[in-house]
1. If a/c stays under 1.5 just call it rounded; otherwise compare a/b with b/c (prolate if a/b is bigger, oblate if not). Do that for the range 13-91, with a ≥ b ≥ c from the square roots of the Cα gyration tensor eigenvalues.
2. With a probe of 1.4 Å, find how much accessible area the chain has per residue, and write the answer as a whole number in Å².
3. What shape does the chain have by the C-alpha gyration tensor, where a ≥ b ≥ c are the square roots of the eigenvalues, rounded means a/c under 1.5, and otherwise prolate means a/b greater than b/c and oblate the rest?
4. If you roll a 1.4 angstrom probe over the protein chains with everything in place, what fraction of the accessible area of the chain belongs to carbon and sulfur, to the nearest %?
5. At what distance in nm do the modelled label points of R118 and E37 sit from each other, each positioned 7 Å from its Cα along Cα→Cβ?
6. Find me the longest stretch of the chain that has none of the exposed GluC sites (Glu not before Pro), where exposed means in a DSSP loop (not H, G, I, E or B) with at most 16 other Cβ atoms within 10 Å.
7. Which value at 222 nm does the chain reach when only helices count, each DSSP H run of 4 or more adding -39,500 (n - 2.57), with the total divided by all residues and rounded to the nearest 500 deg cm²/dmol?
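The values are calculated or read from the model by the stated rules, or taken from the named source; none is laboratory data. Being a predicted model, the structure only gives us computed values, none of them experimental. Every residue, glycine as well, gets a Cβ built from its backbone with ideal geometry; the counts of neighbours run over all protein chains shown. Just the protein is used for accessible areas: all its heavy atoms, side chains included, with ligands, DNA and RNA removed. Shrake-Rupley method; radii C 1.70, N 1.55, O 1.52, S 1.80 Å.
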Amino acid sequence: IFLQDIDVFKEVRVDDLTYLAAIAEEVSFKKNDTIYEMNEVADSLYLVINGKIRLHRNGDDISIAGKREAVGTWSLFDNQPRVATATAIEETETLRISSDDFDDLLADHDRIAKAVLRSLARRLRALSELPQLMP
């Protein structure tokens, strides 16, 4: 159920979340550990169990991810370079899902793939409904 808090997994049935849990790996980081660097190949999503992760680029803070928040979500779908660096700002426990394991899972479980696509479509629709910014 912890995984269902990730936006992209909100449409996945609870009984299918067990497949996601099976490919999730617990990874711990110490304060100031770099989780990933900007421009690295994006290969994993990290879900914060406890602690906090700072996302930053060129010294500027982008956001702070705390308990039950994910960083690197788009890496499951796009292996383009990371657009930010992620650093643990305190002792942090995460669940890591690799994009390779996720691809294998989707190949075997089309119901999960369809649920993930529905979540992505919902997210894109919400973005398209945002008011246009004036120049």
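1. oblate
2. 61 Å²
3. Oblate, since a/c reaches 1.5 and b/c is not below a/b.
4. Exposed carbon and sulfur together represent 49 percent of the surface.
5. That separation, rounded to one decimal, is 4.1 nm.
6. Maximal segment without exposed cleavage sites: 41-89.
7. Dividing the helical sum by the residues of the chain leaves -8500 deg cm²/dmol.
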